[in-house]
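This report concerns only the one structure given below.
Bear in mind these aren't lab numbers, they're just calculated from the coordinates by the rules spelled out. Bear in mind the structure is a predicted one, so any value in this text is a computation, not a measurement. Don't worry about glycine lacking a Cβ; one is built from the backbone with ideal geometry, like all the others, and counts go over all protein chains shown.
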Amino acid sequence: MDRSSPIAFTLDPGSGVPTYLQLVHQVEHAVRLGYLTPGDQLPKVREVVAALAINPNTVLKAYRELENKGLTSGRPGQGTFLSSAVEQVDLTGLTGLRRRLLTWLGDADGTGLDHAGIVALFTSTLRDFDERRETRGAGRRAGGGVA
């Protein structure tokens, strides 16, 4: 990939997520974590195609999606650049969370869960968490104090 871009894309063919969305999600995550900031250049389409052996239309679709979301803008003859940021997390607060998550992942591995099992457990737990959070939020909006 081009050295001027702070992101290098990877693909997970077994994820079930369309390739273009994997690229979109990687950019969004990099922005959220502060790895990409406004003005940063994304890799050129031909570089992504060469590195990942994918169709150029797939990369173009991902870049178009990022532009539709207002995250990037294309500059003819220059490339695609990050034009705005999404809400970023506090990186200093992530250190402890990351350490605890790595411990959790080690525990999950120790129980015999493989990668797919860990993803399934995390995804279902996150879904449950989101449902509880939505229920609490609805209770607050209705004037109730749901704990």
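Worth a mention:
- The range 62-70 - phi-based ³J(HN,Hα) in whole Hz, Karplus 6.51/-1.76/1.60, Gly and Pro as x: 5, 5, 5, 4, 5, 5, 4, 7, x
- Amide H to amide H distances under 5 Å link D40 with L82, where only residues 5 or more positions off or on other chains count and H is placed in the peptide plane.
- Shape call, the range 91-141: gyration tensor on alpha carbons, a/c limit 1.5: oblate
- Packing-based exposure ordering (other Cβ within 10 Å, fewest first) of I7, I118: I118, I7
- Relative contact order [Cα under 8 Å, 6+ residues apart], the range 19-82, whole percent: 40 percent
- Dividing the helix sum by the residues of the chain, where each DSSP H run of 4 or more adds -39500 (n - 2.57), gives a mean residue ellipticity at 222 nm of -18500 deg cm²/dmol.
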